[in-house]
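The values are calculated or read from the model by the stated rules, or taken from the named source; none is laboratory data. Treat the numbers as computed from the prediction; the structure is a model and nothing was measured. Cβ placement follows ideal geometry from the backbone for every residue including glycine, while neighbour counts extend to all protein chains displayed.
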Amino acid sequence: MRRAEMQTAEVQTEHVQTEHVRAAEVQTEHVQTEHVQTERVQTERVQTERVQTAEVQTEHVQTALVDQLSCLATKMESVRRLRASSPSSTVADTLLEAVDVVTGNCISAPAVMATLDVGWAAFEHAQEMLKTCRQREELGALVISRDRLREELSINAETFLQETNELLITARTHTLEELLESVRGVCPPGAVAKGVQQGAFEELRLWRSGWLQKTSAVRQHTDHALSHLRGYLANSLKQLCATEEASVCVSDVSKGVEKLLELAETAIDQELENSQSSQEQHTADAQIVLHSHRSLMQLGEAELSLLRTLRDTHTLCSKFKQEAVQWKAGPPSLTELLSVKKKIRSLHTQLRWKQMEASFLEEAEEQDLMEILKKKEEVAETRKALFQHISIEQREYEKLVALAEKCFPELPLLHLDADILSYMRSGGVLLKSLDRDMMDTEPMRELSGRRPLLCSEYLGQRVILKGYCVEADAEEKVLERATLFRQTQRNCPHLLPLLGLFYGKNDPLAYVMVSYLPNSSLRLVQKRSPLTSPEVVMVMRGVAVGLQALHSAQITHGALHPGNVFVSNREQGIVGDYDLTKTPEQRGVDGVMKAGNISLLPPEYHQAGNTHTTAASDMYAYGCLLLWLHHPDFDGAMESDSQMLDTSALNLEPHLRTLLSKLLIGCGRLAAAEVLKELYFAV
């Protein structure tokens with residue numbers, strides 16, 4: 001029993017122990033589980049912290065990398081602009097290309113050029129000696145000397161032509177002109193070199209070569225550094241591709257790129273610094289370019305000048321060669337001229353005889369009308385033939401004068417009886433063979449004033465003859481004025497044609513022959529059918545052109561009034577001739593210097609002792625005519641405190657008022673050329 005109890009107690013004890021063991025094991029397992037969970041939480045926390053730290057580090061690396069690349073891109077943009085805007089290379093290259101053209105194929109003067117120049121000078125001096133010679137006894141020696149020089153010159157001229165014919169003068173001239181025109185604007189306006197130094201072109205080449213080498217090395221270094229950077233970034237970005245097994249992170253990329261970024265940035269900074277140092281040397285470099293530019297322009301212009309001289313000399317030698325035929329034939333014979341003069345004298349005699357016969361027939365008691373008409377026809381035919389031969393005589397004189405001026409200046413002295421000098425001095429305006437009694441004239445009473453005007457016909461053209469009393473000592477001055485007016489009129493259609501001047505053989509008058517424009521004086525036109533405003537503009541533009549031509553030839557008209565201005569077809573204004581026997585001052589006192597009630601004399605003319613007439617006086621008269629044409633009833637009222645016309649009450653078109661305000665003043669009047677630029681004529 002006791003044993004059974006003991007066994008029961010042992011069993012209970014074992015059971016309790018087993019329970020304790022189990023409880024301990026459970027507790028141990030619980031503790032272990034809690035420990036594992038704690039470790040797992042800690043591990044997760046550490047991992048989270050590590051991930052957050054990595055993300056922060058990655059973001060920092062990304063930001064730094066972006067900043068570095070952005071800064072590099074900004075500097076690279078500066079480098080791009082710098083390379084694109086580098087002006088020195090363009091200027092230097094352009095100049096060096098031009099230098100090669102100018103210095104490479106230059107044309108020099110032929111060897112015979114100097115001898116030819118000396119020969120020309122000697123020949124022209126010999127010609128001038130013949131021209132000024134007044135003693136026929138001296139002509140022989142002068143002609144022999146001239147002919148010898150002419151032969152020498154002919155040989156040199158032929159040599160020059162042969163040498164220059166092989167030169168491409170025209171092509172070279174065009175090349176240089178185009179080249180210099182293109183290079184002229186290469187340097188900035190106002191940039192001037194302080195002097196032309198020797199070896200400017202070589203200095204430019206050395207400077208250009210050094211600049212290219214230095215710039216090329218710096219740029220190559222920059223391009224090389226950027227190329228390495230681009231290659232590394234490209235290889236790194238390849239590993240971001242989904243098909244690549246290898247992985248890459250930003251930190252890995254940043255570790256390799258930092259050094260390359262630093263190298264690239266350093267290279268760019270060096271290029272920018274090199275540019276800055278080049279800018280500091282800009283003044284010295286610019287002087288090299290300017291010296292070369294100026295030397296190039298001077299060298300090119302010098303060759304162009306030589307080429308133009310060669311071209312002109314070639315033309316001169318060619319003409320000289322063409323005239324060799326005339327030279328070899330010797331001085332021309334005056335047989336034709338003398339024959340024409342003889343015919344003129346014969347026709348003049350026949351004309352006078354036939355005129356006398358016609359007069360006798362008309363005065364006969366029993367008139368034979370048929371015979372009278374027949375005789376008048378014979379007179380007209382003889383007169384026509386006479387005028388034609390006078391015209392032939394003028395052409396013969398023109399030929400002789402041309403030969404005397406070009407080849408044989410001894411002609412006037414060799415043939416004194418031909419009076420070639422008179423024709424030369426008058427420019428053909430003096431008609432010595434013409435006489436008043438040769439012409440069939442009728443008086444023009446409606447146009448005659450102090451001096452009678454005669455109307456006639458000459459070479460099929462209606463003409464006006466104006467007779468002037470001329471003292472013997474004034475003939476030269478009259479001829480001089482007529483010659484100058486004729487020369488000016490030939491180049492201007494707005495001046496009345498002066499057809500000729502001749503002296504009466506049976507009266508003490510000088511006759512001026514001008515074209516007849518019937519009923520066309522400004523005074524008559526305004527009286528019969530006044531011009532409209534647009535017509536006034538056209539007519540007065542022509543008058544201004546005529547005055548411009550006269551004033552350019554230093555001629556003061558001095559007699560611009562409505563009777564001496566003519567209108568053709570109501571659109572062309574023509575300035576008439578003037579009294580050749582008077583000075584401009586004498587013409588100004590003429591009573592016809594009025595237009596309606598307006599005095600055409602300028603204010604300064606009314607000042608005490610001032611009778612000097614100038615181009616400005618003509619322009620005042622022009623302004624008065626313009627005012628009269630627009631307001632013919634203007635009473636010519638003057639301002640109370642001056643001698644100026646008072647136009648304040650007139651209704652003037654604005655452009656006309658502006659123009660008159662610049663003409664009807666005491667001083668500073670517009671010149672004829674300036675008048676034509678006024679808005680009044682801008683229609």
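Restricted to the stretch 511-524, and to residues there that are in contact (Cβ under 8 Å) with a residue 24 or more places away in the chain and within 17 Å of residue 630 (Cα to Cα), the residue that is farthest from the chain's Cα centre (by Cα) is 523. Kindly check whether there is at least one residue in the stretch 634-647 that is free of Cβ contacts under 8 Å to residues at least 12 places away in the same chain and part of a helix (DSSP H, G or I). There is no residue in the stretch 634-647 that is free of Cβ contacts under 8 Å to residues at least 12 places away in the same chain and part of a helix (DSSP H, G or I). Residue 381 meets the conditions (1) out of contact with any Lys or Arg (no Cβ under 7 Å at 6 or more places or on another chain); (2) surrounded by 15 or more Cβ atoms within 10 Å (Cβ to Cβ); (3) of a type in the set (Asp, Glu) in every case but one. The failed one is (2).
Scanning the stretch 565-619 for residues that are at pLDDT 75 or above, part of a helix (DSSP H, G or I) and of a type outside the set (Phe, Trp, Tyr) yields a total of 7. Apart from one condition, residue 365 fits all of (1) more than 47 Å from the chain's Cα centre (by Cα); (2) at pLDDT 90 or above; the exception is (2). Of the residues contained in the stretch 306-321, none is found to be modelled with pLDDT under 80, within 22 Å of residue 103 (Cα to Cα) and either in contact with a Cys (Cβ under 8 Å, 6 or more places away or on another chain) or in the same structural domain as residue 182 (by TED's automatic domain parsing) (or both). Taking the stretch 387-416 as the range and being among the aromatic types (Phe, Trp, Tyr) and either more than 21 Å from residue 125 (Cβ to Cβ) or exposed (fewer than 15 other Cβ atoms within 10 Å of the Cβ) (or both) as the test, the residues that pass are 387, 397. Of the residues examined, residue 159 is not one that is in a helix (DSSP H, G or I), at pLDDT 80 or above and closer than 23 Å to residue 101 by Cβ.
Within the stretch 525-556, how many residues are charged (D, E, K, R) and either touching a residue at least 60 places away in the same chain (Cβ under 8 Å) or not in a helix (DSSP H, G or I) (or both)?
Restricting attention to the stretch 525-556, the residues satisfying the condition of being charged (D, E, K, R) are 527-528, 535, 541.
Going one step further and asking which of them are either touching a residue at least 60 places away in the same chain (Cβ under 8 Å) or not in a helix (DSSP H, G or I) (or both), we end up with 541.
The total comes to 1.
The number of residues in the stretch 414-428 being closer than 14 Å to residue 395 by Cβ and either part of a loop (DSSP other than H, G, I, E, B) or polar (S, T, N, Q) (or both) comes to 1. Of everything in the stretch 460-493 that is modelled with pLDDT of 85 or more, among the small types (Gly, Ala, Ser) and surrounded by fewer than 18 Cβ atoms within 10 Å (Cβ to Cβ), the residue that is farthest from the chain's Cα centre (by Cα) is 467. Going by the conditions given, is residue 457 surrounded by fewer than 20 Cβ atoms within 10 Å (Cβ to Cβ) and assigned to a helix (DSSP H, G or I)? Answer is no for this residue.
Just to verify a result, which residue in the stretch 114-128, among those that are in contact with a Pro (Cβ under 9 Å, 6 or more places away or on another chain) and not acidic (Asp, Glu), is nearest to residue 311 (Cα to Cα)?
Step one: filter the stretch 114-128 for residues in contact with a Pro (Cβ under 9 Å, 6 or more places away or on another chain), giving 116, 127-128.
Filter once more, keeping what is not acidic (Asp, Glu): 116, 127.
Details: 116: 14, 127: 23 Å.
Taking the candidates together, the pick is 116.
Being part of a loop (DSSP other than H, G, I, E, B), farther than 19 Å from residue 605 by Cβ and over 30 Å from the mean Cα position of the chain (by Cα) holds for only one residue in 664, 652, 656, 629, and it is 652.
Looking only at residues that are among the small types (Gly, Ala, Ser) and assigned to a loop (DSSP other than H, G, I, E, B) in the stretch 502-524, which one is farthest from residue 435 (Cα to Cα)?
First, pick out the residues of the stretch 502-524 that are among the small types (Gly, Ala, Ser): 504, 510, 515, 520-521.
Subset that is assigned to a loop (DSSP other than H, G, I, E, B): 504, 520.
Numbers: 504: 6, 520: 27 Å.
Among them, the one singled out is 520.
Taking residue 394, is it of a type in the set (S, T, N, Q) and under 42 Å from the mean Cα position of the chain (by Cα)? So that I can check it myself, show each step before the final result.
Numbers: of a type in the set (S, T, N, Q): yes; under 42 Å from the mean Cα position of the chain (by Cα): yes.
So residue 394 fits the description; yes.
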